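The values are calculated or read from the model by the stated rules, or taken from the named source; none is laboratory data. Since we're looking at a predicted model, the values are computed, not measured. Note that we place each Cβ from the backbone using ideal geometry, even for glycine, and neighbour counts take in every protein chain shown. Keep in mind that these areas ignore ligands, DNA and RNA; they rest on the heavy atoms of the full protein, side chains included. Shrake-Rupley method; radii C 1.70, N 1.55, O 1.52, S 1.80 Å.
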Amino acid sequence: MAGGNNVARMSPRQRMINLMYIVLTAMLALNVSSDVLNGFSQVHDSLQRTNRNMTAKNELQFQYLADLNRQNPAKVGPWFKKGEQLHERSASLYAMIDSLKTEIARAADGKNGDYTDIKNLDDLEAASVVMLNPSTERGRALRLAVDSYRKYVTSIVTDTTRRGVINEMLSTEVTAPKGTVGPMAWETKMFDNMPAVAAVTMLTKLQNDIRSAESEALSSLITNVDIGDVRVNELNAYVIPNSNMIMRGGKYSANIVLAAIDTTQRPSIYVNGSKLSSPNGLYEFVAGSVGNHEYSGYIEVARGDGTLDRRPFKGQYTVIEPMATISPTMMNVLYAGIANPISISVPGVPMNAITATMTNGTLTRNGDVWSALPGKPGSESEITVTATLDGRAQTVGSMKFRVRKLPDPSPYIPMKDAQGNTIHYKGSPKRISKAALMAADGLGAAIDDDILNVSYSVVSFSTISYDSMGNAMPENSDGSRFSARQREQFKRLKPGAMFFISNVKAKGPDGITRDISPMQVMLN
């Protein structure tokens, strides 16, 4: 379609055609299918019938509550007063919505408009004029009234699931469509640019939700009239032992109780904050760390009034290591002069209830770790274990150990590897570089066979090297360190040369100084 000065040059007929094209395009954009509009009418009629049925049902419930109040006003009175308030507020909000539906019908069809028989079904202005007029703000007033009613009704309903249903059913929270800038009000989404029949149908649906919420609240009030006792239909006898594992000489203790349950409505059991999935209350798990452990929780069971009765509980258990006692008789050895680590435990008994004593030596404890320091080598030491069971000390076992002196250590030259870690050079057939030898301070000695790791103090040693004529040249150390003369001797050594370290004397933690084996040193 031409614009600007071209319009002035058009014939009246062409101008009319262009104008009709614009009008037709707008009508197509705003056109709503008559089938859809008729569908709204059918839905509205169905909702009207449902509302009449729900209203009749709520009247019967309210009358039943009133009859209970006449029979026993002292017991039912508080619940009946709430029922009266609920009935009045529901009727008031229902009537408010009815008046808004009438206003929309009149805005669409004139002053004689009837929302049960709207003529201009596709009127897109009526709902906006009535509900979104900034001077009256009827849509906002309706939203606030629904919010207030929802909070009131949910305060009456005790069942959390029903409360959730009512909150969702009467929710006025909306999500703005994609492309919309900023938040959108509930009334705008409900009534802006909405056909009159659709707006009236949604208001009728809101009335239906109000009747449903009123019915749920009346049911809750009627249920609350019953005494809030826990209902049961089965009695069972149970034996609850303090422990299923008893040691010889220990005491067996169990509670024999009569428990009442409702097989039609199992209680909800929570342990350490998590709900138990077993319907029979069986609590099972795979035990982890050893020691004493505690757990706690609560049981929720429904009373006759629909509220929940919560009963807390606590429990404890002891985890022990799975074990088999394997005692190699020939290897029951303790070494004199050092603290020998000992593991002591009694299945089913916590560590703080265990004590132990030792003959021919001393036995000390640090937490759960024991150390045995035996006395005279060549004799025996016996360790006796006592456990406190049910407040009474009882001997639960003993074991004899042979006491031996520590074996001789091996000499070594401490040196650094490529990563800077200290390693032990213990002589041929391995070789050592002259630079590593010159960097070493002296000689060390230790038992480091991965069974015993005991360090010794080197007291003295000698080195013996040979000159070109084959003459031996002995030199003495400066304690555990290489002496100056020994270092001068090392400087004269040529690649591939060797020398001996002998007369090594070392003192162990047992205080005994002993002669240990010599070592041969070979250079690269």
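Given a 1.4 Å probe and heavy atoms of the protein chains only, how would you sort D45, D98, largest accessible area at the top? All intermediate terms of the calculation are to be shown ahead of the outcome.
Values: D45 70, D98 45 Å².
Largest accessible area first, the list is D45, D98.
Considering only protein heavy atoms and a 1.4 Å probe, what is the carbon-and-sulfur percentage of the accessible area of segment 75-140?
Values: 1650 of 3560 Å².
Result for segment 75-140: 46 percent of the exposed heavy-atom area is carbon or sulfur.
Could you tell me the accessible area of I423 in Å² (1.4 Å probe, neighbours in place), rounded to the nearest ten?
That residue has around 70 Å² of solvent-accessible surface.
Per residue, how much accessible area does segment 364-433 have with a 1.4 Å probe, in Å²?
Result: 61 Å² per residue.
Through the Karplus equation 6.51 cos²θ - 1.76 cosθ + 1.60, θ set to phi - 60°, convert the phi angles of segment 48-55 into ³J(HN,Hα) values in whole Hz; use x for Gly and Pro.
Each residue of segment 48-55 in turn: 4, 5, 4, 4, 5, 5, 5, 5 Hz.
Can you pull the percent of segment 401-524's accessible area that's carbon plus sulfur, 1.4 Å probe, other chains left in place? Please list the in-between numbers first.
Numbers: 3570 of 7030 Å².
Ligands and nucleic acids excluded, carbon and sulfur reach 51 percent.
Sorted by accessible area with a 1.4 angstrom probe, largest first, how do E125, E168 fall?
Details: E125 120, E168 150 Å².
So, going from the largest accessible area down, we get E168, E125.
Convex hull over the Cα atoms of segment 485-524, averaged projected area in nm²? Let's see the in-between values first.
Working: hull surface 14.9 nm².
For segment 485-524, the mean projected area of the Cα convex hull comes to 3.7 nm².
Give the residue from G391, I342, N352 lying farthest towards the positive end of the charge dipole for segment 334-428; charges sit on Cβ (+1 for Lys and Arg, -1 for Asp and Glu) and the dipole is referred to the Cα centre.
I342
Rank by packing, highest mean first: peptides 100-111, 49-60, with packing defined as the count of other Cβ atoms within 10 Å averaged across residues.
Details: 100-111: 19.5, 49-60: 14.1.
Output ranking for 100-111, 49-60: 100-111, 49-60.
Give me the orientation-averaged projected area of the Cα convex hull of segment 84-211, in nm², one decimal.
On the way: hull surface 35.9 nm².
Reported value for the Cα convex hull: 9.0 nm².
Rg (Å, one decimal) plus Dmax (Å, integer) for the alpha carbons of segment 349-405?
Spelled out, the Cα radius of gyration and Dmax of segment 349-405 are 12.5, 41 Å.
Checking the a/c ratio against 1.5 first, then a/b against b/c, what shape does the Cα gyration tensor give for segment 60-150?
It comes out prolate by the Cα gyration axes.
If you average 1/r across every pair of different Cα atoms in segment 405-501 and take the reciprocal, what Kirkwood value do you get, in Å?
Details: mean 1/r = 0.0690 Å⁻¹.
The Cα-based Kirkwood calculation yields 14.5 Å.
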